[in-house]
1. Take ASP24, ASP173, ASP37 and order them by how many other Cβ atoms sit within 10 Å, fewest up front.
2. For the chain, set up a GNM with springs between Cα atoms under 10 Å and report which of VAL47, VAL63, VAL164 has the largest fluctuation.
3. Given Cβ point charges of +1 (Lys, Arg) and -1 (Asp, Glu) and nothing else, what value in debye, to the nearest 20, does the dipole of the chain about its Cα centre take?
4. Hey, what angle do you get for helix 234-243 against the long axis of the chain, alpha-carbon based, 0 to 90 degrees rounded to 10?
5. How large are Rg and Dmax for segment 47-188 when calculated on the C-alpha trace, in angstrom?
6. Angle check, please: helix 86-96 long axis (alpha carbons) against the longest principal axis of the chain (alpha carbons), in degrees 0 to 90, nearest 10.
7. Translational diffusion coefficient of the chain at 20 °C, 1.002 mPa s, Stokes-Einstein with Kirkwood Rh over Cα pairs, in µm²/s as a whole number.
8. Among ALA180, LEU127, VAL108, flag the residue with its Cα farthest along the positive direction of the charge dipole of segment 106-244, charges on Cβ as +1 for Lys/Arg and -1 for Asp/Glu.
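Nothing in this text is a laboratory measurement; each read-out follows from the coordinates by a stated rule. Owing to the predicted nature of the structure, the values given are computational and were not obtained by experimental measurement. Heads up, the Cβs are rebuilt from the backbone with ideal geometry, glycines too, and the neighbour counts pull from every protein chain shown.
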Amino acid sequence: MQPAVVAHRGASAHAAEHTLAAYDLALAQGADALECDVRLTRDGHLVCVHDRRVDRTTNSRGVVSTLSLADLAMLDYGGEIGVLTLDALLGLAKDHGSRLFIETKHPVRYGGLVETKLVALLARHGLAEPAAKEDSPVVVMSFSTLAVRRVRAAAPRLPTVLLVTQLWPTLRDGTLPPWADHTGPGIGLLRRDPDYVARAADHGHATYCWTVDEPDDVMLCANIGVRWLATNAPAATRAVLGAG
């Protein structure tokens, strides 16, 4: 079975990341699912921003956690005015029937409040208690083990991904902590250790791999059984999978 194509911050190779334009383009390019990063504003809103600061992605400077939603709404994000809220992106994903992978960023000023606010927002959208994890419209991810544990404690039915850049000794055999459903290695890890996907599968854990844009890497993921492939270029990635 081919990996599902997940649009990393939208079709961010062709449109400004974390903008509605990037997500609309990703859906037009046939992405199977969407991915975003979330941070908390000073006044407690979840916004789709990767970096701690807005310097790289806007026409301004500053730390996301010290800015209000109104402050962020005035900025230019690669030609699109106004920050994308998670609330708005959830609405878009719901309208299109698209699964959304949400990464909480850490360390952050507000610590566990990020996950508390996230679960509360998902509950308002009716997404915090899916009937089955396999069918959940939302998957929550983090590199922070504490963050993933908090999500499991607050919303036990939500599927979770533990993102990893390297395998700790306790993970090398493919096992995961009991509060993580799936594993999330970077493509560099899988280049070095492609058999890890099979070891994780032997323990009942599917693999979400980031960030995969090169054709050889796309085919590697397809050949070793990666289930979800996060890419900045959904159309190009889908074309490689189709050709393979």
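1. Numbers: ASP24 15, ASP173 12, ASP37 21.
Sorted ascending by nearby Cβ count, the order is ASP173, ASP24, ASP37.
2. Of VAL47, VAL63, VAL164, the Gaussian network model singles out VAL63 as fluctuating most.
3. Working: 24 positive and 27 negative charges, 147 e Å.
Here the chain has a charge dipole of around 700 debye.
4. The angle comes out at about 20 degrees.
5. Calculated on Cα positions, Rg and Dmax stand at 16.1, 48 Å.
6. That helix lies at roughly 60 degrees to the long axis.
7. Working: Rh = 18.1 Å.
Translational D for this selection: 119 µm²/s.
8. The listed residue farthest towards the positive side: VAL108.
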